[in-house]
Structure formats: C-alpha cells, structure tokens
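Read through the structure below, which is laid out as structure tokens, and then see the notes.
The values are calculated or read from the model by the stated rules, or taken from the named source; none is laboratory data. Here the structure is a predicted model, which means the values were calculated and not measured. Cβ placement follows ideal geometry from the backbone for every residue including glycine, while neighbour counts extend to all protein chains displayed. Note: accessible area is taken over every heavy atom of the protein model, side chains too, but ligands, DNA and RNA are not part of it. Shrake-Rupley method; radii C 1.70, N 1.55, O 1.52, S 1.80 Å.
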Amino acid sequence: MAINVNDVYKSVLVVLEQQKRGVITPNEFNRIAAQSQQEIYNQYFDDLNQLLGMPQTSLAYADRMALLDEKISLFKKTSAAISESGGLYAVPTDVHELGSVIYNNREVQRIQQYEVFTTNASPLTAPTEHYPVYTYENKSLKLFPAILSDTVTINYLKSPATPKWGFDIDNELGHYVYNSYASVDFEIHSSDQPLLIDKILGYAGVMTKDQFAMSLANNKEQQINVNDQK
C-alpha cells in the first residue's frame, strides 16, 4: 500500500518541467513531501469526524467509511513489550494516538492525573494488580499500583514515517541519482497518490486543474458569504 517516493518525485519533476518552473532539489522535495503527507494523514481523522456526524443509512456513507477505515488501519500497531524504567513505561516514539494498554492479559483503565489521589484514597476504587489503572503524559505510562513484575503492551495509531528521497551524486555529471536503500516511501494510502502530488506541486508553486477549480469554488463561496453580510 505504500507510495513509492521515487515515483512521486519523478511525477513532480515532469510537471515542473512542463510548466517551465525549473526543478526542485531533493532536500526541498523531502521537506515539502513530509508536510504534504502529514496534511493528508491529519485529514483522515477530520473526514472520520465528519462521517460520524452524518446519517448512516446510505451506501455512499458505507463505502466512504470502509475506505477511510482501510486508510487509517495502515497505521494501527501493537507494540512490543514495554519494560518499566524509573516507575514509567515509555511508549514508542511513533505513537500518534494511544489506544488500549494491556498488562498481564488485561486491558488497563486510563485515569487523568488529577484523579490519582482520589482513586487511590478510596478502598472501593483503589487499583490492584488484577485491576490496575494508568496515567499517560509526555509519552510515558505510569501504572497504579506500582507494578514492576511484568511488561506492558499497547495498541495505538502510529504517525507516518517521514518520507525521504535518498540519493547519491554522480561523480562525473554531478547529477542526483536515486538510492532506494537511503529512501523512505510514503505511508499513506496508495489511492491518495494523486492528491499527494497535487499538494507537493502546490507548495512548489504549480496550481493543477483540480487545485484551480477548488480555488475558484472557495473564492466564490467567500464572495457569497460577503454578499450575505451586506
């Protein structure tokens, strides 16, 4: 499902050449590519929130929800065992959103930091080794009671890896030569490749037909809003 970073870069270079906009260096491309991928990734969750607020009776809704779930599922992960250190369990660095926390084959309940004192103070709510709770701050879990006898695993949504068009330099001609071993592909869904290319071109100063149409629509909508306020 990954999108090959070299395919995207070549497509961008072709359009820039056709539009006589010069070239974009690998370092410039890598910066823009990372920003564009992150925007599309964030849009998955914005779209999900919108869909959840819509009537769920149409086939179109079901199709859109299925595709969106497929896109988000690419980033669902289960961690390896996380060991305790200094009373804390550090989660993987690529965690975007924490899901469930598993200790000793049980899902652990999350509480907020301000609830720690009252939760521990009452015999009725005090956590036990069989029914622990946890707080999550600064990419670290803290379990109550202080359980150090076992490891923890988590289910989570990961952030997409930063894409990179890796290269070597031709010693004779000075050209950039693609190096697949030094590259990192895009991790968003393959169906979003056209959108990804459009976004990168937009940052490079090229407005495609789709972007132009969207710009006209937005300008028209803004004009209507202004007229309504008169």
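Each Lys and Arg Cβ is given +1 and each Asp and Glu Cβ -1; about its Cα centre, region 20-107 then shows a dipole of about 300 debye. Is the shape of the chain best called rounded, prolate or oblate, per the rule: a/c under 1.5 gives rounded, else a/b larger than b/c gives prolate, else oblate, with a ≥ b ≥ c the square roots of the Cα gyration tensor eigenvalues? Since a/c reaches 1.5 but b/c is at least a/b, the shape of the chain is classed as oblate.
The gain in end-to-end length when the ASN138 to THR153 segment is fully stretched comes to 3.7 nm, 0.36 nm per residue minus the alpha carbon separation.
Placing R0 at 45 angstrom, the Cβ-Cβ distance between GLN18 and LYS76 gives a FRET efficiency of 0.70 after rounding to 0.05. You can think of it this way: the chain between TYR203 and THR162 has 13.0 nm of extra reach, that is 0.36 nm per residue less the Cα-Cα gap.
Only protein heavy atoms count here; under a 1.4 Å probe, ARG106 has an accessible surface of about 90 Å². Accessible surface for the chain, divided over its residues, is 63 Å² per residue with a 1.4 Å probe. Applying 1/(1 + (r/R0)^6) with r as the Cβ-Cβ distance of HIS130 and ARG31 and R0 = 35 angstrom yields a FRET efficiency of 0.10. If R0 is taken as 45 Å, the Cβ-Cβ distance between ASN4 and GLN112 corresponds to a FRET efficiency of 0.55.
Between GLU39 and SER180, how many nm apart are label points set 7 Å from Cα along the C-beta direction? My value for the distance between the label points is 3.0 nm.
A crude spin-label estimate for the pair MET54 and ALA66, with each label 7 Å from Cα along the Cβ direction, gives 1.5 nm.
Put simply, when 167-173, 5-11 are sorted by average Cβ atoms within 10 angstrom per residue, most first, you get 5-11, 167-173.
Per-residue ellipticity at 222 nm computed for the chain from its helices equals -13500 deg cm²/dmol, with DSSP H segments shorter than 4 residues left out and the rest contributing -39,500 (n - 2.57). Overall, the anisotropy analysis places region 148-208 in the oblate class: the square-rooted eigenvalues a ≥ b ≥ c of its C-alpha gyration tensor yield a/c not less than 1.5, with a/b not exceeding b/c. Take the alpha carbon gyration tensor of region 25-87, find the square roots of its eigenvalues, order them as a ≥ b ≥ c, and report rounded if a/c is under 1.5; if not, report prolate when a/b exceeds b/c, else oblate. Judged from the Cα gyration tensor, region 25-87 comes out oblate (a/c at least 1.5, b/c at or above a/b). Charged neighbours of VAL14, selected by a Cβ distance under 15 Å, balance to 0 (K, R count +1; D, E count -1).
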